[in-house]
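Trainee: Structure incoming, see below.
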Amino acid sequence: MARVIDPYALLGLERDADDRAIRAAYRRAVKTAHPDRGGDAEEFGKLQAAYDLLKDPVRRKVYDDTGYDPQLVDPKQLKGLMMLETLVNDFILDLREPGSFDPVAAMRRKLSDDIVKTRFHILELERHRSRVRKHMDRLGRRPDTDVLGSMLRARSQSISEAIKNAEAQIEVIEEAYQMLEGYSYEMEPLEIEARAAE
């Protein structure tokens, strides 16, 4: 699931590598990856980010303990994390007693509902775009300027962009949902019994 760049793997290092080994591995890697030497700029950026993390003892310790560093995370995963952050804030602010409700299940439900709503929105947009295109097909054009045709084409393009954005939003929501895999929440025994009795 995690698409965080592993700085150790990227530089070909063991987890216990010292500063000298990190520096040497970085220098070897950038010889061919540097854009001035025909390398890929994106790959070079990843190497630089990995090196920056490993040479910073605090960031390295956090990465070693958590497997996470915000500068090495895939952008889509970062958006998913930001979405989860909002949901975490919601359950932290919930006034119910911890253990009396399952915040993990609540977050999953919210994300599932958001996916359904976004898919419904896409269907509505697709229907609207189809109507616009049908109007375009039936519209006779003026010989000099096609003001109405231009407006309809622009509207169709705008709707297509909105559909792409909604599809990207679904990917982010699915990423956030996937991050919740493997989590469970321990409910208070009385709450579990009360739920079973219902």
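Trainee: Pairs of alpha-carbon atoms within less than 8 angstrom and 6+ residues apart define the contacts here; what relative contact order does the chain have, in percent?
Mentor: Values: 152 pairs, mean separation 48.3, N = 198.
Over the chain, the number comes to 24 percent.
Trainee: Work out the FRET efficiency for Tyr183 and Ala154 from their Cβ-Cβ distance, taking R0 = 35 Å, and round it to the nearest 0.05.
Mentor: On the way: r = 45 Å, r/R0 = 1.29.
After rounding, the FRET efficiency stands at 0.20.
Trainee: May I ask you to work out the translational diffusion coefficient for the stretch 88-197 at 20 °C, viscosity 1.002 mPa s, via Stokes-Einstein with Rh from the Kirkwood sum over Cα pairs, reported in whole µm²/s?
Mentor: Values: Rh = 17.8 Å.
Diffusion coefficient, whole number: 121 µm²/s.
Trainee: Once you put a point 7 Å from the Cα of His121 and another 7 Å from the Cα of Arg141, both along the Cβ direction, what distance in nm separates them?
Mentor: Using points 7 Å along Cα→Cβ, the separation is 3.4 nm.
Trainee: With runs of 4+ DSSP H residues as the only contributors, calculate the mean residue ellipticity of the chain at 222 nm using -39,500 (n - 2.57) per run, divided by the residue total and rounded to the nearest 500.
Mentor: On the way: 8 runs with 142 residues, N = 198.
Helix-only estimate at 222 nm: -24000 deg cm²/dmol.
Trainee: Then there is this: Have a look at Asp144, Asp113, Asp94 and tell me which one the Gaussian network model of the chain (Cα, springs below 10 Å) gives the largest fluctuation.
Mentor: Looking only at Asp144, Asp113, Asp94, the largest GNM fluctuation is found for Asp144.
Trainee: Which of Leu54, Leu111, Leu95 ends up with the largest GNM mean-square fluctuation for the chain, with Cα atoms connected below 10 Å?
Mentor: Of the options given, Leu95 has the highest mean-square fluctuation.
Trainee: Let me ask something additional. Quick one, which of (i) 44, 41, 32; (ii) 60, 40, 25; (iii) 74, 69, 22 is the actual Cα extents along the principal axes in Å calculated for this model?
Mentor: Comparing each candidate, only (iii) matches the computed number.
Trainee: Could you list the trypsin sites (Lys or Arg not before Pro) in the stretch 1-58 that lie in coil according to DSSP, counting only those with at most 14 other Cβ atoms within 10 Å of their Cβ? Before the final figure, lay out the partial values.
Mentor: Details: sites: Arg3, Arg15, Arg20, Arg23, Arg27, Arg28, Lys31, Arg37, Lys46, Lys55; in loops: Arg3, Arg15.
Answer in residue order: Arg3, Arg15.
Trainee: With a cut-off of at most 12 other beta carbons within 10 Å, and DSSP calling the residue loop, which trypsin sites (Lys or Arg not before Pro) in the stretch 127-162 qualify? Please list them.
Mentor: On the way: sites: Arg127, Arg129, Arg131, Arg133, Lys134, Arg138, Arg141, Arg153, Arg155; in loops: Arg141.
Sites meeting the loop and neighbour criteria: Arg141.
Trainee: For Lys134, which lysines qualify as cross-link partners when the Cα separation must be under 25 Å and same-chain residues fewer than eight apart are set aside?
Mentor: Straight-line reach from Lys134, under 25 Å: Lys164.
Trainee: Continuing with the same structure: Work out the FRET efficiency for Arg27 and Asn165 from their Cβ-Cβ distance, taking R0 = 45 Å, and round it to the nearest 0.05.
Mentor: After rounding to 0.05, the efficiency reads 0.60.
Trainee: Could I ask something else about it? Most fluctuating residue of Met83, Met179, Met151 in a GNM of the chain with Cα springs under 10 Å: which is it?
Mentor: Met151
Trainee: What's the percent breakdown of Cα-Cα distances in the stretch 32-108 across 10 Å bins, shortest bin first?
Mentor: With a bin width of 10 Å, the distribution comes to 16, 28, 28, 17, 8, 3, 0.
Computed from the coordinates by the stated procedures, all read-outs in this text should not be read as laboratory data. Just so it is clear, the model here is predicted, and its values are computed rather than measured. Glycine also receives a Cβ, built like all others from the backbone with ideal geometry; neighbour counts cover every protein chain displayed.
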